[in-house]
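The values are calculated or read from the model by the stated rules, or taken from the named source; none is laboratory data. Since the structure is predicted, the reported quantities are computational estimates derived from the model, not experimental observations. Here Cβ is always computed from backbone atoms with ideal geometry, including for glycine, and neighbour counts include all displayed protein chains.
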Amino acid sequence: MTVTLALFSAPVIAEETAAKELELGVKTYKDFCAHCHGPKMVNPGTSSYDLRKWPTDNKDGFYSAVLKGKGDMPAWGDILLENEIDALWRYVATRGGKEPLAETGDGGDGS
């Protein structure tokens, strides 16, 4: 019985963790990103990158851009905590929680 319970509770815990991470991503995005990238990532892409177009298979590029900066975007590596950047990735890669998170490595260039 305990084994069965453990098998059923693991996905629930993972879903709760993902939901909390997305919630932190929303908050972090509002606090640090929305003023340039637009509320809920709605941005025409004329003055700053439209994050809705960020390649979801380019997690490494996203982390690099956030940590080191890219183009006119400042580096946030000394300001944001690791869990906040992870949460931002979940927010951006799931298009604000509307799509599943693709757990892949580096891909496109995100530019």
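Can you tell me which residues in segment 68-90 are hydrophobic (A, V, I, L, M, F, W, C) and touching a residue at least 12 places away in the same chain (Cβ under 8 Å)?
Listed by number, the residues that qualify are MET73, TRP76, ILE79, LEU80, ILE85, ALA87, LEU88, TRP89.
Could you please find all residues in segment 65-109 being modelled with pLDDT of 90 or more, more than 22 Å from ASN43 (Cβ to Cβ) and not in a helix (DSSP H, G or I)?
Within segment 65-109, GLY77, ASP78, LEU81 meet the criteria.
Here is a check on your reading of the model: is LYS40 basic (Lys, Arg), on the phi > 0 side of the Ramachandran plot and in contact (Cβ under 8 Å) with a residue 24 or more places away in the chain? Spell out how you get there, then give the answer.
Details: basic (Lys, Arg): yes; on the phi > 0 side of the Ramachandran plot: yes; in contact (Cβ under 8 Å) with a residue 24 or more places away in the chain: yes.
When the stated conditions are applied, LYS40 passes them.
Can you tell me which residue among ALA93, ALA65 is among the aliphatic types (A, V, I, L, M), touching a residue at least 12 places away in the same chain (Cβ under 8 Å) and touching a Leu at 6+ places or on another chain (Cβ under 7 Å)?
From the options ALA93, ALA65, the qualifying one is ALA93.
Within segment 31-64, take every residue that is acidic (Asp, Glu) and part of a helix (DSSP H, G or I) and give me the one that is surrounded by the most Cβ atoms within 10 Å (Cβ to Cβ). Talk me through it step by step, then tell me what you get.
Looking only at segment 31-64, we keep the residues that are acidic (Asp, Glu), and these are 31, 50, 57, 60.
Cutting the leftovers down to part of a helix (DSSP H, G or I) gives us 31, 60.
On the way: ASP31: 11, ASP60: 13.
Among those that are acidic (Asp, Glu) and part of a helix (DSSP H, G or I), it is ASP60.
Read through the list (1) in a loop (DSSP other than H, G, I, E, B); (2) touching a Gly at 6+ places or on another chain (Cβ under 7 Å); (3) at pLDDT 90 or above, then give the number of the only condition that LEU22 fails.
(1)
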